[in-house]
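Okay, structure first, notes after.
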Amino acid sequence: GAVVSQHPSRVICKSGTSVKIECRSLDFQATTMFWYRQFPKQSLMLMATSNEGSKATYEQGVEKDKFLINHASLTLSTLTVTSAHPEDSSFYICSARVYRAETQYFGPGTRLLVL
Amino acid sequence: GESVGLHLPTLSVQEGDNSIINCAYSNSASDYFIWYKQESGKGPQFIIDIRSNMDKRQGQRVTVLLNKTVKHLSLQIAATQPGDSAVYFCAEKSGGVNTGFQKLVFGTGTRLLVSP
């Protein structure tokens, strides 16, 4: 149990375009989902926390207008990278958690390459 | 605060050895800690967790030790296997008392290389 999926696993896009990444909890209802970014040989950096049905809370330094997060249901959250640039190229990972539970379950990640 | 590592420390061991991976955490108020394993190109995988009211917790081939006095966490892997090769992250839970808004802060990570 506790499986989180992400789609797509890899995406290549042109600079200036937008990319949407989906995160789904497959066998549980996730009241809270988290989006992380990871650069090569670095740790996971939290970008934002989203609770189902409410606006996401962004970490300091993360542009909310550039990284749009939607958590419309208990099993789906989306991250849209708007007007992507090469510096946005990274590994994006989501995680999900049941309300008041402590364990977070991570998705397999999405590799984004912006040309 | 958040930890960002420019260079991943590496631990190299032989198959069958015991491995010990260390982690220093920053927030003395953190009350929950997790170890994750991340293989190349994949998301983190939960290994074991421990609450701050415990000093030790054992799983299958893994043991986590918590020393709150010096804010230190360690992961011990017994009889290390080539399949254990990965990057290991510790994470601490921080945030307000409302668990719905608490978040995990990740350490810099340690790369474990297991030679056959």
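The values are calculated or read from the model by the stated rules, or taken from the named source; none is laboratory data. Remember, predicted model here, so these are calculated numbers, not experimental data. Glycine gets a Cβ as well: all are built from the backbone with ideal geometry, and neighbour counts include every protein chain shown.
What to note about this one:
- Look at the range A:18-35: where a residue is among the hydroxyl-bearing types (Ser, Thr, Tyr) and a partner is surrounded by 14 or more Cβ atoms within 10 Å (Cβ to Cβ), sitting 6+ places away or on another chain with Cβ atoms under 6 Å, you get A:Ser18/A:Thr80; A:Ser18/A:Thr82; A:Ser25/A:Val4; A:Ser25/A:Thr75; A:Ser25/A:Ala96; A:Thr31/A:Glu52; A:Thr32/A:Asn51; A:Thr32/A:Arg97.
- Annotation note: of B:Gly1, B:Gly107, B:Gly5, B:Gly41, the sole residue that is within 11 Å of chain A (Cβ to nearest Cβ), touching a Cys at 6+ places or on another chain (Cβ under 6 Å) and at pLDDT below 95 is B:Gly107.
- When the range A:1-11 is filtered for residues that are closer than 10 Å to A:Ala96 by Cα and crowded, with 19+ Cβ neighbours inside 10 Å, only A:Val4 remains.
- Only residues that are hydroxyl-bearing (Ser, Thr, Tyr) and outside any strand (DSSP E or B) were counted in the range B:68-94, giving 3.
- Criterion (over 21 Å from B:Glu39 (Cα atoms), surrounded by fewer than 13 Cβ atoms within 10 Å (Cβ to Cβ) and either modelled with pLDDT of 90 or more or at the interface with chain B (Cβ under 10 Å from one of its Cβ atoms) (or both)) met by exactly one of A:Lys55, A:Lys20, A:Lys14, A:Lys66: A:Lys14
- Yes/no for B:Arg51 being surrounded by 13 or more Cβ atoms within 10 Å (Cβ to Cβ) and of a type in the set (Lys, Arg): no
- Scanning the range A:69-97 for residues that are within 14 Å of another protein chain (Cβ to nearest Cβ) and among the small types (Gly, Ala, Ser) returns A:Ser90, A:Ser95, A:Ala96.
- Single condition B:Asp17 does not satisfy, out of (1) more than 15 Å from the chain's Cα centre (by Cα); (2) in contact (Cβ under 8 Å) with a residue 40 or more places away in the chain; (3) within 22 Å of A:Thr103 (Cα to Cα); (4) surrounded by 13 or more Cβ atoms within 10 Å (Cβ to Cβ): (3)
- Filter result for B:Ile77 (within 14 Å of chain A (Cβ to nearest Cβ) and either surrounded by 17 or more Cβ atoms within 10 Å (Cβ to Cβ) or at pLDDT 95 or above (or both)): no
- Those residues of the range A:85-115 which are closer than 16 Å to A:Pro8 by Cβ, crowded, with 19+ Cβ neighbours inside 10 Å and basic (Lys, Arg), in sequence order: none
- For the range A:4-23, residues that are closer than 15 Å to A:Ser90 by Cα, assigned to a strand (DSSP E or B) and hydroxyl-bearing (Ser, Thr, Tyr) total 0.
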